[in-house]
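Here is the structure we will look at.
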Amino acid sequence: MMRRTAMSALLSHWRRRPLQLVMLLLGLSLATALWSGVQAINAEARASYDRAAATLGQDRLDRIVSVTGAPIAQSEFIALRRAGWLVSPVIEGTLRLGPTRLHLIGIDPLTMPAEGMAGDIGATNDLLAFLTPPGLLYVSAETAERLSGQSLPPLKVSTSLLAGIGMTDIGTAQQLLGKPGEISQLIVAPGQRLDLPPVEQIAQGLVVKAPDAQGDLARLTDSFHLNLTAFGFLAFAVGLFIVYSAIGLAFEQRRATFRTLRSLGLPATTLTALLLAELVGFAIVAGIAGVLLGYLVGSVLLPGVAATLQGLYGASVPGTLTLRPQWWASGLVIALFGTLAAAAQSLWRVWRMPLLAPAQPRAWARASESGLRLQAAAAVALFAATIALAAFGSGLVVGFSVLGGLLLGAALLLPVLLALFLALMQRLTRRPIAEWFWADTRQQLPGLSLALMALLLALSANIGVGTMVSSFRLTFTGWLDQRLAAELYVTARDEAQAADLRTWLTGRVDAVLPIWSVSGEVRGAPAEIFGVADDPTYRDNWPLLARVPDTWDRVATGTGALINEQLSRRDRLMIGDSLMLPGGWTTTVAGVYSDYGNPLPQVMIGIDALTKHYPDVARLRYGLRLPSENVGTLSEALRERFDLPPENLVDQASLKRRSLDIFEQTFSVTAALNILTLGVAGLAMFASLMTLSTMRLPQLAPIWAMGLTRRQLVLLELARTVVLAIITLLAALPVGLGLAWVLLSVVNVEAFGWQLPMHIFPGDWVRLAALALAASLLSAFIPLRQLAAVSPSDLLKVFANER
Amino acid sequence: MLVVLEDVSKSYRTAEGPLPVLQGIDLSLDAGQSLALTGESGSGKSTLLHLVAGLDHPDHGRIMIDGQEIGGLDDKGRAALRRSTVGLVFQQFNLIPSLTVAANLAFHARLAGRFDAAWQQALTTRLGLEQLLTRYPEQLSGGQQQRVAIGRTLAARPKLVLADEPTGNLDEATGDAVMALMRSLVAETGSSLLMVTHSHRLAGQLDRRIHLRSGRIDQTVERAA
């Protein structure tokens, strides 16, 4: 009974202040929504990677591969089987079907262990059809739709395969890929005999690889997901500012009620427990709303993320979200955690509150000088730790820790800087109203600083990410101009047509540049090896970051290779270092080139060296140099002469457009999260201003009584919001630029393996400033309108003795 | 006449309908004179004071301050009246919490454009505030805050000082001391004083006392010469 009565008294506060309750629930819901939305996207993508990793049982079964990444010979497979090894051959390769790429996997269903068979394929009744010509090609429903009409074996839909992957018999796959007798890897069945001779003894150059639970795709995309998680967390933290502010105010406003309840015999433990129960109730309500909202956010953002992952990493992620119970649970847990974290200080105060503590409605907002000093010291310590971390640490987690340290340090320092600035302005001013304005603004600071810190975080993130994206865009566009120098790109249907094409093109274009490549392992990781013709197109345009005077001569004569920045950074390879390539031959690094947007290591060797070491290389793609005005005519002629589908002929402009589209898509999610964070910060500002406005009258009424009009007071309040927003924006500039530098020079290098020059875009700042001011003014609109509508009788209540 | 009220009425809107607070008040105050308004709680004393200060509008009647009919003034005009002609002292002190004692003392005078450093210095000494100038209101006792509030009003040398229970939050000894100081300083500046009080003892110290009952003047008592 006692508890129910006390709870009813505590809850009556919210009945009288519904807006405060709405702000609390909204802040918590938004924080949970942005966090759980991002988590939903990550979970969906990771589930896809797991399926990809499980396609051939790679997450559970050992594999035998070549040390150099070269194909395994049929004879080596036979030797292993004869020695008693239960192994099953697999071939993998990429099949180009116009613009569509199909990752083809060829298996031998008779020797493949059950763990290596993808779900319904192992249980097929079509074994005979699978094994005998024309064979069967298993693909996902989505891929089947894309492949209809292509000259492929009959398609059969499998629910266990990801989009973009095709599985067929090894013989059929070898034929389709043009690699007869070639084996990429051998799957080792579980439960091998213990007395088997080691693999190395039977076939030199082959090794057993342990199962890979994570998978290449998961590893490659780790940085992307960490990036998303970091932004999700930032949005969550900004949302918590609202919650902290709303809870702090509600607790202080109820201090008198707490005191009364305590004096009427309610133990401190019970009071704290009741407040905790109240908060848990709010957390559950807001958590459910947040998870639902998060589902919405996730659903809206997921198609963009899926397109990015496809474009950037070739990862296939479905565009729709699945509701997972663990995701619901984690959303509610994070809401609960956020509420308790935001309320911890207030609950502690209630727990420790002396029975006779006076009610001080503004005590929560009063920050002592020593508090600010402590905050400044913490910020300086944090900056020092961040600088040390940046100087001596490495890795993506360190990169994000540096970002976190920078943002948190700046947020802590903001109120200190604002207090110093306002004190200086107060000292410099001579007019009484101005003096009061600066002094009063300084007094409001503790109540507003949380919202301003949230605004600083959102603005800094916007400036930082905006600078990074714009720098990237500028560099990437210039780089594309260099990289895509050929005017037309053509892909033949098969080798015979490619030979005809080469003959036909002689004399019709200025140069025919082969774009031939093989895949293989370089220094233990998958890589691409491209052949490059000795042509001025490359000598004049190729974007080299490091070179020697005779780089291109070395490449042309086959004594040197170019490597991309990713490979150079990953393995610390410099010019002059030797490099072993698939097939076991060695060359020397003769140059490093920038290769944005490519997650894989890449090596470029002379075209002669490529055909010498990899005679089976597919020779289907070419870049053609010709006067740009002839592109249309030649395309038409090629199409007619060789009956090429439109997707096999791509001009430079379309290719650039496509590349830029992928680029824009990559950052669209980050941009969306940025805007959402700014929105949440605006809401935090609104919550704080609303909170303060309820306590402003006693401070404004005496000024009004001494001869200022209500209109002047409203204008001064408006000016205060604008001044604080502008100062916060100015403070956000260096923080944002620091953030951009860390993103470009630390995080990108760790995540993608490339470094970008930083460019400054003041035009973007002006736009952001306008947006920030608009958000601030919008957040101040309702409180100011309320102030403007305050009647003299409301102001008089401040002076009334018999209130 | 510095203050003239003619047939002034005021009522507040409540859920139960209009609640008359003042009815047919006629009152005047000469320059340099002091007048106490007494009465029970809810008799309309504070409302009358607020109407004279231009903080609120009467429903009916005329209020003239220093020859100016304030009923015709807009918000700006009333603000100017409060800035330049009237000085207010409240029971709750209503100091500006963000300003130091020194800045609070000078604030109204500077707003009115009548800041006089010598006069402020003299007031500071008379009010015993020399040691407190750099402190903030929250660091002062009630008596000290009220002395600052009186100093703030008198620093502007207003023609009319309006005080609403200025000693209501102080103990008797402190209240008497503050009151004595205020009366003497008001006399020095030549201002008129209109003070709301519950205390007949304090009211008796002013030139005239008007007792209000249910919004009407019930009794007027002149101090014996």
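The values are calculated or read from the model by the stated rules, or taken from the named source; none is laboratory data. Computed from a predicted structure; not experimentally measured. In this analysis, Cβ positions are derived from the backbone assuming ideal geometry, glycine residues included, and neighbour counts consider all displayed protein chains. To get the accessible areas, we keep the full protein, side chains included, count just its heavy atoms, and leave off ligands, DNA and RNA. Shrake-Rupley method; radii C 1.70, N 1.55, O 1.52, S 1.80 Å.
For A:D534, the residues whose modelled amide H falls within less than 5 Å of its own, excluding neighbours fewer than 5 places apart on the same chain, are A:I607.
Note down the magnitude of the dipole of the stretch A:483-655 about its Cα centre, charges +1 on Lys and Arg C-beta and -1 on Asp and Glu C-beta and zero elsewhere, to the nearest 20 debye.
Numbers: 17 positive and 24 negative charges, 82 e Å.
Once rounded to the nearest 20, the dipole reads 400 debye.
When chain B is treated as a GNM with alpha-carbon contacts under 10 Å, the residue of B:E16, B:E188, B:E40 showing the greatest mean-square fluctuation is B:E16.
Separation of the stretch A:135-207 and the stretch B:147-203, taken as the distance between their Cα centroids, equals 99 angstrom.
Near the amide H of B:D59, within less than 5 Å, lie the amide hydrogens of B:S9, B:K10, B:S11, all on another chain or at least 5 residues away, with H placed in the peptide plane. For the stretch B:94-107, the Karplus equation 6.51 cos²θ - 1.76 cosθ + 1.60, evaluated at θ = phi - 60°, returns couplings of 6, 6, 8, x, 7, 10, 6, 4, 4, 5, 5, 4, 7, 4 Hz by residue, with Gly and Pro reported as x.
Where only DSSP H runs of four or more residues are counted, chain B gives -10500 deg cm²/dmol as its mean residue ellipticity at 222 nm, each run worth -39500 (n - 2.57).
At 1.4 Å probe size, with every protein chain present, just tell me what the per residue accessible area of the stretch A:59-214 comes to in Å².
Ligands and nucleic acids excluded, the figure is 47 Å² per residue.
Chain A against chain B buries an accessible area of about 2600 Å², both chains summed, 1.4 Å probe radius.
Quickly estimate the mean residue ellipticity at 222 nm for chain A, helices only: each DSSP H run with n ≥ 4 gives -39500 (n - 2.57), and the total goes over all residues, rounded to 500.
Working: 26 runs with 491 residues, N = 803.
Per the formula, -21000 deg cm²/dmol.
Distance between the C-alpha centres of the stretch A:610-677 and the stretch A:559-578: 26 Å, rounded to the whole angstrom.
Work from the charge dipole of the stretch B:1-116 (Cβ charges, +1 for Lys and Arg, -1 for Asp and Glu, about the Cα centre) and give the residue of B:S43, B:L5, B:H57 farthest towards its positive end. After comparing all options, I get B:H57.
Given +1 on the Cβ of Lys and Arg, -1 on the Cβ of Asp and Glu, and no further charges, what dipole in debye does the protein assembly as shown carry about its Cα centre, rounded to the nearest 20? It would help to have the intermediate numbers written out before the result.
Details: 85 positive and 80 negative charges, 801 e Å.
That gives the protein assembly as shown a dipole magnitude of about 3840 debye.
Can you list the residues of the stretch B:97-116 whose accessible area drops by at least 10 Å² going from the chain on its own to the full set of protein chains, with a 1.4 Å probe? By number: B:P97, B:S98, B:L99, B:A103, B:F107, B:H108, B:R110, B:L111. If you roll a 1.4 angstrom probe over the protein chains with everything in place, what fraction of the accessible area of chain A belongs to carbon and sulfur, to the nearest %? Within chain A, the accessible surface is 61 percent carbon and sulfur.
Can you give the charge dipole size of the stretch A:59-214 about its Cα centre, rounded to the nearest 20 debye, using +1 on the beta carbon of Lys and Arg and -1 on the beta carbon of Asp and Glu?
Numbers: 11 positive and 15 negative charges, 49 e Å.
For the stretch A:59-214, the charge dipole is close to 240 debye.
In summary, the lysines within cross-link reach of A:K612, defined as a Cα separation below 27 angstrom excluding same-chain residues under 8 places away, comprise A:K179. Only one residue of A:Q174, A:L332, B:T124 has its Cα farthest out toward the positive end of the dipole of the protein assembly as shown, where Lys and Arg carry +1 and Asp and Glu -1 on Cβ, and that residue is B:T124. The residue list A:A485, A:A498, A:L474 was ranked by how far each Cα lies along the charge dipole of the stretch A:439-554 toward its positive end, using unit charges on Cβ atoms, and A:L474 comes out on top. Measure out, as a whole number of angstrom, how far apart the alpha-carbon centroids of the stretch B:71-117 and the stretch A:477-531 sit. So the two Cα centres are separated by 83 Å.
What helices does chain A have that are whole DSSP H segments, at least 30 Å long along their own axis by Cα, and with mean Kyte-Doolittle hydropathy of -0.5 or more?
Once both thresholds are applied, what remains is A:18-53, A:216-253, A:268-313, A:325-352, A:369-392, A:396-428, A:432-483, A:652-705, A:710-742, A:762-788.
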